[in-house]
Amino acid sequence: MKKPTEHEYSPYYASYVRNVPDDLTLITTLQNVHQKTQLYLRGIDEAKGNYAYAEGKWTLKQVLQHLIDAERIMAYRALRIGRGDATELAGYDENLFAQNARVDHLRVEELLGEWHLLRLTTIQLFSRFSEEESMRMGVANGAEVSVRALAFIIVGHELHHLEILKERYL
């Protein structure tokens, strides 16, 4: 899948899509970026899991859960749109999700393991879309988006939060 054009996603996601390397196939990028993220985060001291860099900011564990939740939602949107479902898909409140995720008792390693398994299914989903299906457009959270744009948003979102984790948490 080639990088989507600007008309395939909301301007809100432009920085995510722009940050995705375009020298590899999308599936390879989904694999490589996540593998590097997992390797970077695997050695985190569990004591940092409940750390937030400022009052009112998410903990490291909440950031990881946010990445999991966002990937699930984007993949679900891709599934619906890719299968030709024209139903407008609702948005979600990421802060409400983070507040209600109950991650304090989980280990960082558990969250990384869950995210890894999710990424395997995300890769499988996107690898099965034909070129035609990847170009299908739908409406999610009030904006038009293509199937392929959703995959690039997943990767760009991961890269965005990895930088935040490096700068403010680790």
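As a summary of the residue check, Ser10 satisfies the conditions (1) at pLDDT 95 or above; (2) out of contact with any strand residue (DSSP E or B) (no Cβ under 7 Å at 6 or more places or on another chain); (3) farther than 28 Å from Tyr169 by Cα except for the one numbered (2). Within the stretch 101-108, is there a residue that is surrounded by 17 or more Cβ atoms within 10 Å (Cβ to Cβ), of a type in the set (Val, Ile, Thr), touching a Pro at 6+ places or on another chain (Cβ under 9 Å) and not in a helix (DSSP H, G or I)? Within the stretch 101-108, not a single residue is surrounded by 17 or more Cβ atoms within 10 Å (Cβ to Cβ), of a type in the set (Val, Ile, Thr), touching a Pro at 6+ places or on another chain (Cβ under 9 Å) and not in a helix (DSSP H, G or I). Considering the conditions (1) β-branched (Val, Ile, Thr); (2) in a loop (DSSP other than H, G, I, E, B); (3) within 20 Å of Pro4 (Cα to Cα), Val33 is excluded by exactly one of them, (2).
Quick one: is Lys48 of a type in the set (D, E, K, R), over 18 Å from the mean Cα position of the chain (by Cα) and surrounded by 12 or more Cβ atoms within 10 Å (Cβ to Cβ)? Here the answer is yes, as Lys48 does meet what is asked. Look at the stretch 146-164: where a residue is over 14 Å from His7 (Cα atoms) and modelled with pLDDT of 95 or more and a partner is among the small types (Gly, Ala, Ser) and surrounded by fewer than 21 Cβ atoms within 10 Å (Cβ to Cβ), sitting 6+ places away or on another chain with Cβ atoms under 6 Å, you get His157/Ala70. On inspection, Leu39 does not qualify as among the aliphatic types (A, V, I, L, M), in a helix (DSSP H, G or I) and surrounded by 13 or more Cβ atoms within 10 Å (Cβ to Cβ).
Residues of the stretch 57-72 that are more than 20 Å from Gly91 (Cα to Cα) and among the aliphatic types (A, V, I, L, M): Leu60 alone. For the stretch 1-39, a residue qualifies if it is among the acidic types (Asp, Glu), free of Cβ contacts under 8 Å to residues at least 24 places away in the same chain and touching an Asp or Glu at 6+ places or on another chain (Cβ under 8 Å), but none of them does. Among the residues of the stretch 100-108, is there at least one that is touching a helix residue (DSSP H, G or I) at 6+ places or on another chain (Cβ under 9 Å) and in contact (Cβ under 8 Å) with a residue 60 or more places away in the chain? Yes, that holds for at least one residue.
Residues that are acidic (Asp, Glu) and in contact (Cβ under 8 Å) with a residue 40 or more places away in the chain were ranked within the stretch 44-87; the one that is nearest to Arg168 (Cα to Cα) is Glu46. Note on the stretch 142-170: residues that are more than 15 Å from the chain's Cα centre (by Cα), closer than 30 Å to Asn50 by Cβ and not hydroxyl-bearing (Ser, Thr, Tyr) amount to 4. You will find that of Ala86, Ala54, Ala70, the residue that is in a helix (DSSP H, G or I) and either within 14 Å of the chain's Cα centre (by Cα) or of a type in the set (Gly, Ala, Ser) (or both) is Ala70 and no other. Counting the residues of the stretch 2-30 that are of a type in the set (Asp, Glu) and assigned to a loop (DSSP other than H, G, I, E, B) gives 2. Condition first: within 30 Å of Tyr40 (Cα to Cα) and either part of a loop (DSSP other than H, G, I, E, B) or not small (Gly, Ala, Ser) (or both). Now tell me which residues in the stretch 73-83 satisfy that. Result: Ile73, Met74, Tyr76, Arg77, Leu79.
The values are calculated or read from the model by the stated rules, or taken from the named source; none is laboratory data. Fair warning: this is a prediction, and the values are worked out from it, not measured in the lab. Heads up, the Cβs are rebuilt from the backbone with ideal geometry, glycines too, and the neighbour counts pull from every protein chain shown.
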